[in-house]
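First the structure, in the form of structure tokens, and then the observations on it.
Every number here is computed from the coordinates shown, using simple stated rules; none is lab data. Owing to the predicted nature of the structure, the values given are computational and were not obtained by experimental measurement. In this analysis, Cβ positions are derived from the backbone assuming ideal geometry, glycine residues included, and neighbour counts consider all displayed protein chains.
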Amino acid sequence: MLEMFTKWRANKKRSDIEHNSIDATRVPNHVAIIMDGNGRWAKKRNLPRIAGHGEGMKVVKKVAKYSNKIGVKVLTVYAFSTENWKRPKTEIDFIMKLPEQFLTSFLPELMEEEIQVRVIGDLNHLPNHTRQAVEKAVEQTKNNKRLILNFALNYGSRVEILNAVKGISDDVKNNNIALEDINEELFSNYLLTKDIADPDLLIRTSGELRISNFLMWQIAYSELWFTDVLWPDFDEEHLAKAIQDYQQRKRRFGGLQS
């Protein structure tokens with residue numbers, strides 16, 4: 001019992017130190033995360049890949065609550081890409097059950113924490129039980145005013161951009177907009193994130209150094225932070241470290257430092 005208390009106190013002290021070292025005036029408004037490494041985490045423990053996905057979903061809850069605590073306004077997590085359908089059916093079936101399990105168990109805390117759930121991606125091709133669970137959570141949390149927890153589910157940035165081009169083309173053809181009206185701001189309004197500011201900070205776990213078709217338009221000037229930590233091992237300490245590093249950088253957006 002003493003050993004357990006000592007460990008809890010050490011973890012609490014560590015978390016408090018990290019939280020206090022974050023400049024509350026420079027917390028990124030929007031953090032996006034490519035949650036990678038679930039399968040490798042499971043393999044290292046001689047567990048099936050689905051065990052890694054289950055553990056990874058628990059981390060989403062931890063990271064969302066900590067983001068809310070420190071004042072992040074939007075947390076977008078890459079939950080399932082348009083390319084992930086290539087994976088084994090048993091793995092996909094398990095992943096498609098996770099939103100229902102996660103959102104059902106987490107809903108009371110989402111309401112208590114004033115966290116609003118949103119989703120970007122093509123929900124039409126999801127199993128009915130997955131889509132219904134997501135839509136229910138979106139509806140029940142729509143009036144929450146603090147953190148937006150934004151799931152990228154069956155999402156691909158290339159598809160999103162192509163759909164935006166098609167939408168603009170239709171509106172030009174129907175004389176809703178003129179060709180000369182098209183600029184970056186207008187284009188952004190045809191994206192799935194049209195009412196959300198672009199990410200300030202993009203995090204990818206597991207040591208991979210690529211974007212993987214995630215928010216390619218939106219992260220044009222995001223700060224990138226990579227870590228070797230596998231997603232199921234990612235915690236508040238790692239997020240705090242990423243934000244501390246972010247706060248040390250000078251964001252010039254193509255201009256010169258003043």
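In a shell of Cβ-Cβ distance under 15 Å around K44, excluding K44 itself, what net charge do Lys and Arg (+1) and Asp and Glu (-1) give? Write down the numbers at each step before the final one.
On the way: positive: R40, K43, R45, R49; negative: D36, E55, D228, D233.
Around K44, the surrounding residues sum to 0.
Given a 10 angstrom Cα cut-off, can you work out which residue in D245, D198, D171 is the most mobile in a GNM of the chain?
Among D245, D198, D171, the largest mean-square fluctuation in the Gaussian network model of the chain belongs to D171.
Fewest Cβ neighbours within 10 Å first, please rank T130, T205, T90 accordingly.
Final ranking by Cβ density, sparse to dense: T90, T130, T205.
Quick check on the chain: helices-only [θ] at 222 nm, where DSSP H runs of length 4 and up contribute -39,500 (n - 2.57) each and the sum goes over total residues. Nearest 500, please. Walk me through the numbers before you get to the answer.
Values: 8 runs with 119 residues, N = 258.
Result for the chain, helices only: -15000 deg cm²/dmol.
Show the residues, 5+ positions off or on another chain, whose built amide H is closer than 5 Å to the amide H of N150.
Hits under the 5 Å cutoff: L75, T76, V77, R118.
For T104, T193, T76, what's the fewest-to-most ordering of other Cβ within 10 Å of each Cβ?
Sorted ascending by nearby Cβ count, the order is T104, T193, T76.
Search the structure for amide H atoms under 5 Å from the amide H of E223, placed 1.01 Å from N in the peptide plane, and list their residues when 5 or more places away or on another chain.
HN-HN under 5 Å from E223: L201, L202.
Any aspartates and glutamates with Cα under 19 Å of the K69 Cα? List them, leaving off those in the same chain fewer than 8 positions away.
Leaving aside aspartates and glutamates fewer than 8 places away in the same chain, those within reach of K69 are D16, E18, D23, E109, E112, E113, E114, D200, D235, E236, E237, D245.
Among L186, L153, L239, which one shows the biggest mean-square fluctuation in a GNM of the chain, springs joining Cα atoms closer than 10 Å?
Highest fluctuation among the options: L186.
For K44, give me every one of the aspartates and glutamates with a C-alpha distance below 16 angstrom, ignoring sequence neighbours fewer than eight places off in its own chain.
Of all the aspartates and glutamates, those that pass the test against K44 - Cα under 16 Å, at least 8 places apart if same chain - are D36, E55, D228, D233.
Give me a comma-separated list of calculated 3J(HN,Hα) values for region 176-190, in order, Karplus coefficients 6.51, -1.76, 1.60 applied at θ = phi - 60°, integers in Hz, x for any Gly or Pro.
Couplings: 7, 9, 9, 4, 6, 6, 6, 9, 4, 5, 5, 4, 4, 6, 9 Hz.
Given a cut-off of 27 Å, name the pairs among K89/K142; K173/K194; K43/K73; K145/K250 whose C-alpha atoms lie farther apart than that in the structure shown.
K89/K142; K43/K73; K145/K250
Of the candidates V63, V172, V31, which one comes out as most mobile in a Gaussian network treatment of the chain with C-alpha springs shorter than 10 Å?
Judging by the Gaussian network model, the answer is V172.
Taking the Cβ of each residue in W217, W41, W225 as the centre, tally the other Cβ atoms inside 10 Å and list the residues starting with the fewest. Provide the component values of the computation, followed by the final result.
Details: W217 15, W41 24, W225 20.
Listed from fewest to most nearby Cβ atoms, that is W217, W225, W41.
By what distance, in whole Å, do the Cα atoms of the chain stretch along each of the three principal axes, largest value first?
If we take the Cα atoms of the chain, the spans are 73, 53, 36 Å.
Using a cut-off of under 11 Å, list every residue of region 136-162 whose amide N is near the label point 7 Å from the Cα of E114 along the Cα-to-beta-carbon line.
Only 144-147 pass the distance filter.
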